[in-house]
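For reference, the structure is listed below as structure tokens.
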Amino acid sequence: MDNKKPKLPKRMQSKQSNNSIKNFGFFALLLLFGLIIYASAHQPNGMKEIASSTAIKDNNSGQYSKITVSSNQLDITKKGEDKATLKTYVDANSSLKEQGFNTSKSSITYKSQSSGSSNWINLAASIIPVILIGAFLYFMMRSAQGQGNQALSFGKSRARLYGNEKEKVTFKDIAGSEEAKQDLEEVVEFLRFPKKYSGMGAKIPKGVMLVGSPGTGKTMLARAVAGEANVPFFSISGSEFVEMFVGVGASRVRDLFAKAKKNSPCIIFVDEIDAVGRRRGSGMGGGHDEREQTLNQILVEMDGFEQGQNVIVLAATNRADVLDPALLRPGRFDRRVNIGLPDRKDREAILKVHFHKKPLSKKTDLDALAAKTAGSSGADLANIANESAIIAARNGHNEISPNDVTEAFERVAIGPERKSKIMTEDDRITTAYHEAGHALVGHVLPDSDPVHKVTIIPRGGTGGVTWFIPPEDRVFVSLVQFKDILARGLGGRIAEEIKLGHDRITTGAGSDLKSAAELARDMIINQGMGNKLRDQVFHVDEGMMIDRLVHERDYSEETAKVIDEEIESLITESANRARFIVKANIDKLEALKDALLEKETIEADEVAELLKGSKLPQQAALY
């Protein structure tokens, strides 16, 4: 291993040399300042030098009150004055009386001879406080200008520079997202072999927008591009551009792009660009808003790259719909790479990556786990792998068992069990009927997902859980599937109402009713699945509060009334379907309720056995 320190570039050496000169000059000024103070403190004030003969004459005539003798110097104080005002020099080898002084006329004091060391002590006592104060101020200024606190450098970019790490992220380290990696491989080719494309007259794309749900690996893919191309990688968040003072963000943008051009070829990665790149004119501040000033500077910088700079901007967002159109036009962000949630095959590959360095039992079936985790992102799968290791360690296992993985999956998906929560017997019965109602309606409806597990043990923020998992990944959801989801979501409240009476319904169905209302509104407004408003969609601004206040909805009050009627109709229809199913299978509901009270948790196979023979009444069928 080579332990030699890396040689710094000339400009860095020059910068360090300049800093050393500045530091030396600073402390030299401090020392000079201390010497001046010392000299001023030891310079007698108002002293006047007189001849020895004059001093003898005035002393003998009684004009002096005090004489201080120090070697051959006399410091004389006249009567009526509070400090020495005169000094003279006499012969140090003879006494004052021998020289003609009448010693009875004034008080004479002999000052002992101070050594050279005392002079140094006096000098140090004067200079040290000055040096300490100066050093304190110096280090305060240096810390204020450091990387941790840029109080004196608002306009400097805070982007982190990567590229010299020993273990770089490459496409091989990322499982799934094959289509996205193919699109980004061309960016790597542009950076590594620019002449290959410039020779054909092709221009290097200036920007690539990564769009995807949270946790899908947008940042990791951006780092993999830099790792594959082996170029510097500047990373910054969109929110780091925006400050309280107008113009600071624009200054940071200029500084970032200036650094990137000096280090080209390189990559600039702006995470969560929607924090600064939202559509202009949507705020209350007009063109003087700090965020819009920053966005304007980004637009100018991206459109002003010189030819041959080989600087590519990667940006990530999960809200591409709110970005300014000028940011997305060709010439700025030329490409848009959509990164979706992983499918079953990709989920299995991602799980293998995250379990690779963990002692996983050979009995664990990652393919089955991938099948159950439909709709999970890469971050969710990483969390499941980490939770599995934590649970295995807590239980004292030498390896991660299938039960540890199952518990981790359920903890991440529906929350941890709260077995310590005390429930009364009436609450347990109510919860059992509620969860049995969900399971029964979901089991009977033909287009509903199968029941995976039913429990009356509180998990997360719920009193119990009925868990439905789709058997396969879905790209689209049909109208009948939506209606079955609504009906099974209302099955718990309907079961309570039928078995306990309308006056005995509880707040346990609050989250179910909220979810049903949101789903019904989405079906009407965004999916065009209403009866009167079929094949029509209505935009609703879901941005910031200011956006909702400024922009009016794009439909009338009459249409809003029809939308409310459509939502009410969907909810009523779903509740009636659930009511018909529960009444037609009341014996199955009781059997499932009794099993839940006895075992508290029932798995999919046992649920299917208990509900075997359940029937779908004609009134609950959609076709």
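The values are calculated or read from the model by the stated rules, or taken from the named source; none is laboratory data. In this text the structure is predicted, and so the values were computed from the model without any measurement. Glycine gets a Cβ as well: all are built from the backbone with ideal geometry, and neighbour counts include every protein chain shown.
Here are a few things to note about the model shown:
- Close pairs (9 angstrom Cβ cut-off, 6 or more residues apart or separate chains): on the phi > 0 side of the Ramachandran plot in the stretch 518-532, assigned to a loop (DSSP other than H, G, I, E, B) and at pLDDT below 90 anywhere: GLY528/ARG534; GLY528/ASP535; GLY528/GLN536; GLY528/VAL537
- Unique match (being closer than 12 Å to GLU348 by Cα and either in contact (Cβ under 8 Å) with a residue 12 or more places away in the chain or of a type in the set (Gly, Ala, Ser) (or both)) among ALA371, ALA408, ALA392, ALA379: ALA371
- Yes/no for ARG329 being out of contact with any strand residue (DSSP E or B) (no Cβ under 7 Å at 6 or more places or on another chain), within 30 Å of LYS196 (Cα to Cα) and surrounded by fewer than 17 Cβ atoms within 10 Å (Cβ to Cβ): yes
- So ARG347, is it assigned to a strand (DSSP E or B) and modelled with pLDDT of 85 or more: no
- Answer residue from the stretch 490-532, given it is within 27 Å of LYS561 (Cα to Cα) and acidic (Asp, Glu) and is surrounded by the most Cβ atoms within 10 Å (Cβ to Cβ) among those: ASP512
- Taken over the stretch 609-623, the criterion of being modelled with pLDDT of 90 or more, part of a helix (DSSP H, G or I) and either in contact with a Leu (Cβ under 9 Å, 6 or more places away or on another chain) or surrounded by 15 or more Cβ atoms within 10 Å (Cβ to Cβ) (or both) is satisfied by LEU610 alone.
- Helices (runs of 4 or more DSSP H) wholly inside the stretch 142-230 containing at least 2 residues that are modelled with pLDDT of 80 or more: 178-192, 218-229
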